[in-house]
Amino acid sequence: MPQPLDEIYRRLLAHFGPQHWWPGDTPLEIMVGAVLTQNTNWENVEKAIANLKGADLLELHRLAATSTGMLAELIRPSGYYNLKAVRLHNLLRAITAEHASLESFFAADLQALREQLLAVKGIGPETADSILLYAGGFPTFVIDAYTHRLLLRHGLIGEETDYYEMQELFLSALPEDVALFNEYHALIVRVGKEFCRKTKPRCDTCPLRELLPGAVA
DNA sequence: TGCCAGGCCGGGT
DNA sequence: ACCCGGCATGGC
């Protein structure tokens, strides 16, 4: 009998197929998207990123040199734009202060990078892990609201379980494999958007319905 | 129409 | 150590 997290992954992959995530062309774009999507619909983030592209600012040093006021206007559609402009600026300046390129920034070990990212005001555990996994290719697992909700509804955690406990569930249950961590999180977001939303869950048609507590197998 | 979306921080107990 | 309000646009 496979572990719940193995079974959930198998079913999600069988149902949806590979997601080939993160939506973003370059590590910088992925990093920017990770900040902009904080508590925000991805559709809005896309508009903001399109604005940055249109202004030809999706380049590390040009973006780091852009004023927060200008950034705020460009990223307005992503919401919380004043806050996020400062957060983006904090992140980009922290990187360019020490490194000439993103490649250089990522040329360190996972733990050290994680600490550096978390030291930036506005970068929390999820944003840091998203950047590390999807932009940097490091083997870490991203926990988001969908993951929390999924684990909760499947009875695998309690309400109060924190980020690192949830992350440890995945890290200890799965082989350390960047492609797997990437794909699994992408599938969780996919099933979350479609079936496991906060207000209108559609558990009756969810591909995981047979795994839900109380389901008749 | 009100409520929500791939968080995080800071201030008040 | 919690708990909670604030941040903001666009879509259903």
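The values are calculated or read from the model by the stated rules, or taken from the named source; none is laboratory data. Keep in mind that what you see is a predicted model, and the values were worked out from it rather than measured. With ideal geometry, Cβ positions are generated from the backbone for all residues, glycine too; neighbour counts draw on all protein chains shown.
Could you tell me whether A:A128 is aliphatic (A, V, I, L, M) and assigned to a helix (DSSP H, G or I)?
Working: aliphatic (A, V, I, L, M): yes; assigned to a helix (DSSP H, G or I): yes.
Yes.
Note down all Cβ pairs under 8 Å where the first residue falls in region A:188-208 and is exposed (fewer than 11 other Cβ atoms within 10 Å of the Cβ), the second is part of a helix (DSSP H, G or I), and they're at least six residues apart or on different chains.
A:K198/A:A145; A:K198/A:R149; A:T205/A:F195
Is there a residue being of a type in the set (V, I, T) and modelled with pLDDT under 95 anywhere in region A:126-138? Break it down stepwise before answering.
Restricting attention to region A:126-138, the residues satisfying the condition of being of a type in the set (V, I, T) are A:127, A:131.
From the residues that got through so far, the ones that are modelled with pLDDT under 95 too are none.
No, the conditions are met nowhere in region A:126-138.
Using beta carbons and a limit of 6 Å, which pairs, at least six apart or on different chains, have the first residue in region A:173-186 and at pLDDT below 95 and the second one within 16 Å of DNA strand C (Cβ to nearest atom)?
Close Cβ pairs satisfying both conditions: none exist.
Please give the helices (runs of 4 or more DSSP H) falling wholly within region A:1-101 in which 3 or more residues are surrounded by fewer than 17 Cβ atoms within 10 Å (Cβ to Cβ) and free of Cβ contacts under 8 Å to residues at least 60 places away in the same chain.
A:42-54, A:68-74, A:81-96
Can A:E159 be described as part of a loop (DSSP other than H, G, I, E, B), charged (D, E, K, R), out of contact with any Pro (no Cβ under 6 Å at 6 or more places or on another chain) and more than 12 Å from DNA strand B (Cβ to nearest atom)? So that I can check it myself, show each step before the final result.
On the way: part of a loop (DSSP other than H, G, I, E, B): yes; charged (D, E, K, R): yes; out of contact with any Pro (no Cβ under 6 Å at 6 or more places or on another chain): yes; more than 12 Å from DNA strand B (Cβ to nearest atom): yes.
The answer is yes for A:E159.
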